[in-house]
Amino acid sequence: MGIKKLGILGGMGPYATLVFFDQLIQQTKAQKDQEHIDTIILNHATIPDRTETILNNNGEVFLEAIKKDLAIFEAADVSNIAIPCNTSHYYFKEIQEMTEINIINMIEETMKSVTDKFGENAKIALMSTSGTIHSKIFEIEAQIHGNVEIYVPEQQIQEKIMEIIYQIKGYIPVNIEIIENLITYFVEQKKCDGVILGCTELSTINLNKKVQQYCVDSLDSLVKSSILLSGKEIKIKQPLLGKVSV
């Protein structure tokens, strides 16, 4: 595979985009600048909120907002596009139909990571936005990858997860212990084999090693796929430079 240019359709949210690029750099096997991936980043922060778009059935507004972004990537001659936002993948088919550039399917790559880590018959809790929950994109992909059962949190817990996600988006300090306790709850009380961090805001949290062993990070799955599709090798994952603190 030759070396290929990568496009990043970011801004959903901006901090998650920064963390994605940080990990792209840190996980690419490179000894000098010239060995890294040529990357075009569009931090399109004014893209409509994805959860609201799905719940209000306003997909055409979202798709219209990114039309020019895709044209920029085409003019820049990128080979693959990464979109570090799980919820936006509800519109994956429509986005792919708008361009001949390959869109990396974040949900598909995450489910590959799930089956690699926990097997095809695992029970996996999903921590994500309510838009992603409503879209059922992980449940649909799970059926393609074995017989993975996706456990969706009860409403009260889902509301707490959404609160945490929007705190991170607003750069409001979060209590990381609450997130770690939720992961432990899913594993110990709901008998889940693991947990999908299915929102890129959750990917910015510095979880302790004990709970990390139960997690599959969707952003990390996208990073690794982006590196390989760009014709590069992956090196051992490094700690995030821009981690959220308590």
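Numbers at a glance
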quantity	calculated
Calculated diffusion of the range 40-91, Stokes-Einstein form, Kirkwood radius summed over Cα pairs, 20 °C and 1.002 mPa s, µm²/s	181 µm²/s
Net charge over other residues, Cβ less than 13 angstrom from the Cβ of M98 (K, R count +1; D, E count -1)	-4
Rule-of-thumb Rg ratio for the range 107-218 [Cα; 2.2 N^0.38 Å; N residues]	0.98
Packing-based exposure ordering (other Cβ within 10 Å, fewest first) of S225, S128, S88	S225, S88, S128
Per-residue Cβ neighbour rank within 10 angstrom, fewest leading, I176, I196	I176, I196
DSSP bridge pairs, the chain: antiparallel proportion in percent, nearest 5	5 percent
Formal net charge of residues neighbouring A125 (Cβ-Cβ distance under 13 Å; K, R +1; D, E -1)	-2
5 angstrom amide H check on E149, placed H, neighbours 5+ away	A122, K123, I124
Cut-off 13 Å between beta-carbons: net charge of the residues surrounding L9, Lys and Arg +1, Asp and Glu -1	+1
Using distinct alpha-carbon pairs, which all enter the 1/r mean, Kirkwood radius of the range 149-205 in Å	11.9 Å
Cα radius of gyration and Dmax for the range 41-125 (Å)	14.6, 43
Helix-only mean residue ellipticity at 222 nm for the chain, each DSSP H run of n ≥ 4 adding -39500 (n - 2.57), per residue, nearest 500	-14000 deg cm²/dmol
Cleavage-rule hits (trypsin sites (Lys or Arg not before Pro)) in the range 207-238: DSSP loop, at most 16 neighbouring Cβ within 10 angstrom	K235, K237
Separation between Cα centres of the range 132-197 and the range 37-89, rounded to whole Å	23 Å
Pairs of alpha carbons in the chain whose separation is greater than 32 Å (percent)	16 percent
Spin-label model distance (nm) - Q167 vs D77, 7 Å beyond Cα toward Cβ	4.7 nm
For K29, K5, order by how many other beta-carbon atoms lie within 10 Å, fewest first	K29, K5
Loop trypsin sites (Lys or Arg not before Pro), the range 104-190 (other Cβ atoms within 10 Å of the site Cβ: 15 or fewer; DSSP)	K136, K190
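Since every read-out is calculated from the coordinates, none of them should be taken as a lab result. Everything numeric here is computed off the predicted structure, so don't read it as measured data. Cβ sites come from the backbone with ideal geometry, for glycine too, and all protein chains shown count toward neighbours.
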